[in-house]
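A short worksheet on the structure shown next.
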Amino acid sequence: MADPTSVPARSTAAVLALMALGALVLQTIYLRDRFALGWAETLWLMALYFTTLTNLLAAATFAALACGPHSRHPGWLQSLVVSLILVGGVYHLLLSDLWSPDGIGLIADHGLHSAVPAGAFLWWLFFAPWGPPALRRLWLPLLWPALYTGYALLRGLAEGRYPYPFLDPSLIGWPQVAQNLVYIAMVLLVLGALLHGLARIARR
């Protein structure tokens, strides 16, 4: 395993941070123009989505990694990668048919849902400071999605706008929302276990 503070590791972390930040900027410009919103309204709209917030966390994390030996906690990095894989997987499997961007919106779309998740996984695979694999860390990938879910549902109740159809109780009812959340939690645990297994193999 390469040193996460090496030049290749820090350089590629910087590229990933810029990629995530650039995609977010393009997405902001695209949504502002497409929906004729002000900047504050556009940012508030984007802050509703797991994709936006998770890519923002990715930009901050990889920027810190590029600057030095910070934010290298194995549990956080693995959790972030799991969340990014969820971003890409859910979008391409369930949501891509509901959204058809063009121009810079298409570039942003591929960046947020494909390039950044894939790049983060590869960085984790080659450079991440895994530390001793610990089963007690398997629950960590649930933490950020759980916090986001609470925020999204509370904001939905207050504003009447939910970020995704599978989280919209006005569309599918609360029992189905609860069932969907259980499914998502199971997927997160499976992804976390798979990455845990990869870390064990790599350490050998």
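The values are calculated or read from the model by the stated rules, or taken from the named source; none is laboratory data. Keep in mind the model is a prediction, meaning the values are calculated, not measured. We work out accessible area using only protein heavy atoms, side chains counted, and drop any ligands, DNA or RNA first. Shrake-Rupley method; radii C 1.70, N 1.55, O 1.52, S 1.80 Å.
How many Å² of accessible area per residue for the chain, probe 1.4 Å?
51 Å²
Result for the chain in a Gaussian network model with C-alpha springs under 10 Å: among SER83, SER96, SER114, the largest mean-square fluctuation is at SER96.
For LEU106 and ARG155 in the same chain, what is the full-extension length gain: residue separation times 0.36 nm, less their Cα-Cα distance, in nm?
14.9 nm
Sorted largest first, the principal axis extents computed over the alpha-carbon atoms of the chain equal 49, 37, 26 Å. Atom-type composition of the exposed protein surface of the chain places 71 percent of the accessible area on carbon and sulfur (1.4 angstrom probe).
For the chain, modelled as a GNM whose springs connect Cα atoms under 10 angstrom apart, the maximal fluctuation among ASP33, ASP97, ASP109 occurs at ASP97. At what distance in angstrom do the alpha carbon centres of the range 49-108 and the range 167-204 lie from each other? Comparing the Cα centres of the range 49-108 and the range 167-204, I get a distance of 16 Å. Counting only DSSP H runs of at least 4 residues, each contributing -39500 (n - 2.57), and dividing by the residue count of the chain, the helix-based mean residue ellipticity at 222 nm comes to -23000 deg cm²/dmol.
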